[in-house]
Amino acid sequence: MARTGRPGMSQAQKRELWRRWRCGQSLSDIARYFDKNPGSIFGVLASQGGIAPRERHRSLRVLSLAEREEISRRLAIGQSYREIAAALDRPKR
């Protein structure tokens with residue numbers, strides 16, 4: 001999947017860029033803050049149509065790494081799926 005925006009900006013920098021854009025700073029002011037060319041800032045903004053992307057977060061239904069390891073250990077000792085789900089306080093599907 002292609003990267004959006006210009007390479008060379010971390011996610012934290014992009015968050016700061018969008019914060020400054022929402023506050024009404026100009027492309028030139030934002031570019032000066034990051035010591036970049038205004039065209040680079042424009043590329044990041046244009047890739048999203050000038051609208052900041054929503055903050056991403058994982059669903060609560062996703063298993064954590066620790067839960068996956070616990071499931072693996074419990075399967076290795078022969079526990080049933082229902083017992084494992086009960087121990088992890090997860091649905092028994």
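The values are calculated or read from the model by the stated rules, or taken from the named source; none is laboratory data. Source: prediction; values computed, not measured. Cβ: placed from backbone, ideal geometry, glycine included. Neighbour counts: every protein chain shown.
Do any helices (runs of 4 or more DSSP H) entirely within the stretch 27-76 hold 1 or more residues that are under 19 Å from the mean Cα position of the chain (by Cα) and either charged (D, E, K, R) or over 17 Å from Ser10 (Cβ atoms) (or both), and if so, which?
Values: elements: 27-34, 38-47, 65-76.
Filter on the stretch 27-76 gives 65-76.
Close Cβ contacts (under 9 Å, 6 or more residues apart or on different chains) running from residues in the stretch 1-16 that are at positive phi and at pLDDT below 60 to residues that are in a loop (DSSP other than H, G, I, E, B) and not small (Gly, Ala, Ser) comprise Gly5/Gln48. When you scan the stretch 47-93, how many residues do you find that are closer than 30 Å to Gln25 by Cα and not polar (S, T, N, Q)? The total comes to 9.
Condition check: part of a loop (DSSP other than H, G, I, E, B), surrounded by fewer than 15 Cβ atoms within 10 Å (Cβ to Cβ) and in contact with a helix residue (DSSP H, G or I) (Cβ under 7 Å, 6 or more places away or on another chain). Does Pro91 satisfy that? In short, yes.
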